[in-house]
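The values are calculated or read from the model by the stated rules, or taken from the named source; none is laboratory data. Note that this is a predicted model, so its numbers are computed, not measured. Here the Cβ positions follow ideal geometry from the backbone for every residue, glycine too, while neighbour counts run over all protein chains shown. SASA here: full protein model, heavy atoms, side chains in, ligands and nucleic acids out. Shrake-Rupley method; radii C 1.70, N 1.55, O 1.52, S 1.80 Å.
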Amino acid sequence: MKLKNLWGHFHTITVHKIRVMKNCFRVGLYRQGLTHDLSKYSPEEFFLGVKYYQGTRSPNAAEREHNGFSKAWLHHKGRNKHHYEYWIDFSNDFSKGLVGHKMPLTYVAEMVMDRIAASRTYKGRDYTDASPWEYYIRSKPYMIIHPDTEKILEKLLWMLKEEGEEKTFAYIRQLLKEKDY
């Protein structure tokens, strides 16, 4: 294991976690801000992150390219409710197969904060408020997500792109007070 990769991965996930935490605090999600992505420090995720660390993108992508899947990602998405993949399960109507179930609003808000922080972390100086939207649009064709969750996620990411963080975060704070979408 390279010491450079160990420090680089630890630094990247910690900077990301702090960015998410600060943004979660800005919208009133204190517990989620504090507990965001703690599984990334678990041995199952951390050491694979070190092994596949590159510094310019998620190590899960490199692991996936190498193995055909990412064991760290499978561990991560199964423990973190702010990922829409956590909410994929069979429909009550088994003829529909796997479907996305509606995410609680608090986790949708955390997902937005996560996308902002990830985009800032990996894009660096090239980050704009459009970056999370652009990432979303690239992955949208492959997503299994509940229509209501998709609608609010798109609304929030588009609002961020068009109107910036202040207005978007104020809107999220208001939504969280109403407790539904």
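Centre-to-centre, using Cα atoms only, segment 108-126 and segment 1-32 are separated by 11 Å.
Remark on Lys81: its backbone amide H falls under 5 Å from none of the residues 5 or more positions apart or on other chains, H modelled at 1.01 Å from N.
Using the Karplus relation 6.51 cos²θ - 1.76 cosθ + 1.60 with θ = phi - 60°, the per-residue 3J(HN,Hα) values for segment 58-74 come to 5, x, 4, 5, 5, 4, 5, 5, 6, 9, x, 7, 10, 4, 5, 5, 4 Hz, with x marking Gly and Pro. Among the trypsin sites (Lys or Arg not before Pro) in segment 1-56, those placed in a DSSP loop whose Cβ has at most 12 other Cβ atoms within 10 Å are Lys2.
Each Lys and Arg contributes +1 and each Asp and Glu -1, all at the Cβ; summed about the Cα centre of the chain, the dipole is approximately 540 debye. Summing charges over all other residues whose Cβ lies under 14 Å from the Cβ of Glu65, with Lys and Arg as +1 and Asp and Glu as -1, gives +3.
Figure the gain on full extension for Ser139 and Val99 (residue separation times 0.36 nm, minus the Cα-Cα span) and round it to one decimal in nm.
Stretched out fully, the Ser139 to Val99 stretch lengthens by 12.7 nm.
In this structure the chain gives 57 Å² per residue of accessible area when probed at 1.4 Å with all protein chains present. Between Phe169, Ala109, Leu74, the Cα set farthest toward the positive side of the dipole of segment 65-181 (charges on each charged residue's Cβ, about the Cα centre) is that of Leu74.
Residues whose amide H comes within less than 5 Å of that of Ile88, counting only those at least five positions distant or on another chain, are His101 (H built at 1.01 Å from N in the peptide plane).
Neighbours of Leu105 by Cβ distance under 13 Å: Lys/Arg scored +1, Asp/Glu scored -1, total +3. Can you pull the percent of segment 88-181's accessible area that's carbon plus sulfur, 1.4 Å probe, other chains left in place? Exposed carbon and sulfur together represent 51 percent of the surface.
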